[in-house]
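What follows draws every value from the coordinates through simple rules; no lab data is involved. Note that the structure is predicted; figures quoted are calculated from it, not measured. Every residue, glycine among them, receives a Cβ derived from its backbone with ideal geometry; neighbour counts consider all protein chains shown.
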Amino acid sequence: MIELRTPAEIEQMRPAGRFVASVLEATRDAADVGVNLLDLDALAHEMIRKAGAESCYIDYHPSFGASPFGKVICTSVNDAVLHGLPHDYRLRDGDLLSLDFAASVDGWVCDSALSIVVGEPDPADLELIATTERALDAAIAAATVGHRIGDISAAIGDVAEAAGLPVNLDFGGHGVGRTMHGDPHVPNDGRRKRGLPLRDGLVLALEPWFMRGTDEIYTDRDGWTLRSRDGSRGAHAEHTVAITADGPIVLTARSS
């Protein structure tokens with residue numbers, strides 16, 4: 001069911017957006033060569049505890065997950081492109097790390113993601129990250145009343161095509177509000193002027209993610225982490241965006 005939020009409800013979502021942004025900033029800043037992924041998860045867990053927030057991940061068990069996720073943040077490294085389950089791994093020089101985090105504050109959920117390189121970066125990785133961020137910017141710009149879901153999808157797909165990147169359509173953006181994942185689904189490629197009309201009060205998590213060499217993925221033995229079929233690296237960018245008559249509002253905007 002697709003739900004529209006009142007202006008008052010969108011205002012009530014802002015604390016969740018600010019909290020999610022703060023956790024991503026903190027874990028991003030803590031990520032460095034030699035840092036364990038479990039330490040990043042512990043940092044996010046402690047911030048949840050101190051804020052009196054609730055994790056959207058720890059008990060999350062959808063049909064595509066082998067078991068409840070058990071951690072509070074996704075840490076996807078290199079060819080791990082989505083849903084990276086934190087484990088005993090110390091980041092190495094040049095690793096491409098994607099952080100994806102969602103939490104509930106006072107019953108409202110926001111969801112966001114970013115990608116960085118720790119240590120000395122490969123310019124190709126920086127360009128891949130920049131491409132996902134350009135795609136997210138294009139998606140947000142298209143998230144206006146009077147457009148359709150297909151306009152957002154096409155905006156993302158156009159950025160990928162210009163960069164020569166394939167697009168996986170298995171996972172994409174989604175509705176968000178009282179729960180982390182809701183309708184509608186927002187594919188990362190599509191046709192303009194098709195799909196659900198965008199109306200005032202619709203809140204979406206928009207999340208382009210690209211892999212350098214393939215659009216095919218497989219599930220790691222941990223039952224959660226999704227990896228590129230050919231071993232190529234991936235990057236991920238995501239914001240929770242409220243569509244309003246005055247334009248899109250990025251609820252998870254970061255200060256840096």
In deg cm²/dmol, rounded to the nearest 500, the helical mean residue ellipticity at 222 nm of the chain, built from -39500 (n - 2.57) for every DSSP H run of length 4 or more, is -10000 deg cm²/dmol
Checked the range 89-142 against the a/c 1.5 cut and the a/b vs b/c comparison, axes a ≥ b ≥ c from its Cα gyration tensor; verdict oblate
Under 13 Å by backbone N from the virtual spin label 7 Å along Cα-to-Cβ at Asp158, the residues of the range 182-206 are 190-193
Of the candidate values (1) -0.35, -1.04, -1.35; (2) -0.41, -1.03, -1.27; (3) -0.45, -1.14, -1.36, the one computed for log10 I(q)/I(0) by the Debye sum over Cα atoms at q = 0.09, 0.15, 0.17 Å⁻¹ from this structure is (1)
Which of Gly213, Gly223, Gly146 fluctuates most in a GNM of the chain (C-alpha springs under 10 Å)? That residue is Gly146
Expected sort for 245-253, 231-239 on mean C-beta neighbours within 10 Å, highest first, is 231-239, 245-253
Applied in sequence order to the range 229-239, the curve 6.51 cos²θ - 1.76 cosθ + 1.60 (Karplus, θ = phi - 60°) yields integer Hz couplings, x standing for Gly and Pro, of 4, 9, x, 6, 7, x, 9, 9, 9, 8, 9
Toy charge model, Lys and Arg Cβ at +1, Asp and Glu Cβ at -1: the chain dipole around Cα centroid in debye, rounded to 20, equals 580 debye
Here the gain from full extension of Arg192 to Arg92, 0.36 nm per residue of separation minus their alpha-carbon distance, amounts to 31.9 nm
By the mean-Cβ-within-10 Å protection proxy, highest first, 186-192, 5-11 rank as 186-192, 5-11
Diffing the range 152-165: the Karplus 3J(HN,Hα) column from phi (6.51, -1.76, 1.60, θ = phi - 60°), in whole Hz with x for Gly and Pro, holds 5, 4, 5, 4, 5, x, 5, 5, 4, 4, 4, 8, x, 9
Once both label points are put 7 Å beyond Cα along the C-beta direction, the Glu25-Leu38 separation in nm becomes 2.9 nm
The correct pair for the range 87-206, radius of gyration to one decimal and Dmax as a whole number, both in Å and from Cα atoms, is 15.9, 47
The alpha-carbon center of the range 176-232 and that of the range 1-24 are separated, in whole Å, by 19 Å
